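*Asks:* I am attaching a structure below and will ask some questions about it afterwards.
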Amino acid sequence: MSPASEIRFVVQRELQKSFRSAKGLALLLLSLLGGTGATFLLVKAQQLKRERLGDAPAEAIRALREEAATQAFGDPITGKHLADAPEVLIAVLLLTVWLTPMIISLMGFDSISSDMQHKSVRYWTLRTRRPSYFIGKFGGLWATVSAMTLTMHAIIWIVCVVRNEAPAGVALTWGLRFWLVTLPISAAWCAISTLVSSFFKSPIVALLATFGAFFSLWLLWIIGNVAHWDFLMYAYPNYYDSYLVHPQLPKAMTGMAACFAMAAVYLGLGSYLFQRRDV
């Protein structure tokens, strides 16, 4: 088989395994319940906000939404652009960006480590090239997490329409765009998770190491933010959410390129190291 066929085969196998396993179904259920619950809370908060504002002019309400979006993403141009988006969907985007690393760590810690533990990796490496196997594992994890977040977001869109938070067309347009924003960020996290998982033969050790790696990147972002060392924050995938929602295409493409470049570096390093390992 060609490398592309090998990667596709591994991705398909990973998708089947994820959505048939108890772990995958449990995480999917928790994501759906958590997302739906969070949405109802956000909708209730919006209702209380509208009651408190009362008969405030539409211009004043829009100005408040623009200010809130500017503070959330740190850019007045983005704030002005997102002032027209449903606030519930913006909040769900931020929630998804910050919770996705947790989902990825729980879904991906055993992607390669479990195969190493049970020696089933030898079955794959006899039938696929090692880089194809490694990239296929990444692709399967990324596809699984993306499908889970899409399902969660779709339920939230329905809730928004049913509760009259936004017309169907507006909810779908903004909701789909916000979900697409999460894909480059989750790709970077999935690449990191796959790399860390490949280092260990014990899944529980891989889980702890994944948490440690994710926490270290978050800590770098905190230090860079406090000390104003931007170069430290560049290593944190969630840093680029403000780029990806920016209305100007060059900045949005910069954020996308940074996330995919980060994923490519981790995948290249992981493929190289895995190819040289004794499995």
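The values are calculated or read from the model by the stated rules, or taken from the named source; none is laboratory data. Note that the structure is a prediction, hence the values are computed from the model and not measured. Don't worry about glycine lacking a Cβ; one is built from the backbone with ideal geometry, like all the others, and counts go over all protein chains shown. Side chains are part of the model used for accessible areas, which takes the heavy atoms of the whole protein and leaves out ligands, DNA and RNA. Shrake-Rupley method; radii C 1.70, N 1.55, O 1.52, S 1.80 Å.
*Asks:* Fully extended, how many nm does the chain gain between Ala257 and Leu273 (0.36 nm per residue separation, minus their Cα-Cα distance)?
*Replies:* Values: separation 16, 0.36 × 16 = 5.76 nm, distance 2.40 nm.
Additional length available on full extension: 3.4 nm.
*Asks:* Also, I was wondering about something else. Give the residue list of trypsin sites (Lys or Arg not before Pro) in region 74-131 that are DSSP loop and have at most 12 other beta-carbon atoms within 10 angstrom.
*Replies:* Values: sites: Lys80, Lys119, Arg122, Arg127, Arg129; in loops: Lys119, Arg129.
Those satisfying the criteria are Lys119.
*Asks:* How far is the Cα center of region 82-160 from the Cα center of region 197-241, in Å?
*Replies:* Their Cα centres are 17 Å away from one another.
*Asks:* Please compute the net charge surrounding Tyr234, taking Lys and Arg as +1 and Asp and Glu as -1 over other residues with Cβ under 15 Å from its Cβ. Walk me through the intermediate numbers first.
*Replies:* On the way: positive: Lys251; negative: Asp230, Asp241.
The answer is -1.
*Asks:* Net charge near Pro131, counting Lys/Arg +1 and Asp/Glu -1 over other residues with Cβ under 13 Å of its Cβ?
*Replies:* On the way: positive: Arg129, Arg130, Lys137, Arg276, Arg277; negative: Glu6.
The answer is +4.
*Asks:* Treating only the Cβ atoms of Lys and Arg (+1) and Asp and Glu (-1) as charged, compute the dipole magnitude of the chain about its Cα centre; round to the nearest 20 debye. Working shown, then result.
*Replies:* Values: 24 positive and 16 negative charges, 243 e Å.
Dipole about the Cα centre, nearest 20: 1160 debye.
*Asks:* Measuring with a 1.4 Å probe in the full set of protein chains, what accessible area per residue, in whole Å², belongs to the chain? Could the numbers behind the result be given before it?
*Replies:* On the way: 13620 Å² over 279 residues.
Result: 49 Å² per residue.
*Asks:* Whole-Hz ³J(HN,Hα) for each residue in region 202-207, computed from phi via Karplus 6.51 cos²θ - 1.76 cosθ + 1.60 with θ = phi - 60°, x for glycine and proline: what do you get?
*Replies:* Result, ordered by residue: 10, x, 5, 5, 5, 5 Hz.
*Asks:* Measure off, as a whole percent, the carbon and sulfur share of the 1.4 Å-probe accessible area of the chain, all protein chains present.
*Replies:* Working: 9260 of 13620 Å².
Ligands and nucleic acids excluded, carbon and sulfur give 68 percent.
*Asks:* Under 14 Å from the Cβ of Gln12, count the other residues' Cβ atoms, weight Lys and Arg +1, Asp and Glu -1, and hand me the total. Show your work: numbers first, answer last.
*Replies:* Numbers: positive: Arg8, Arg13, Lys17, Arg20, Arg127, Lys137; negative: Glu6, Glu14.
Spelling it out: positives minus negatives among the neighbours equals +4.
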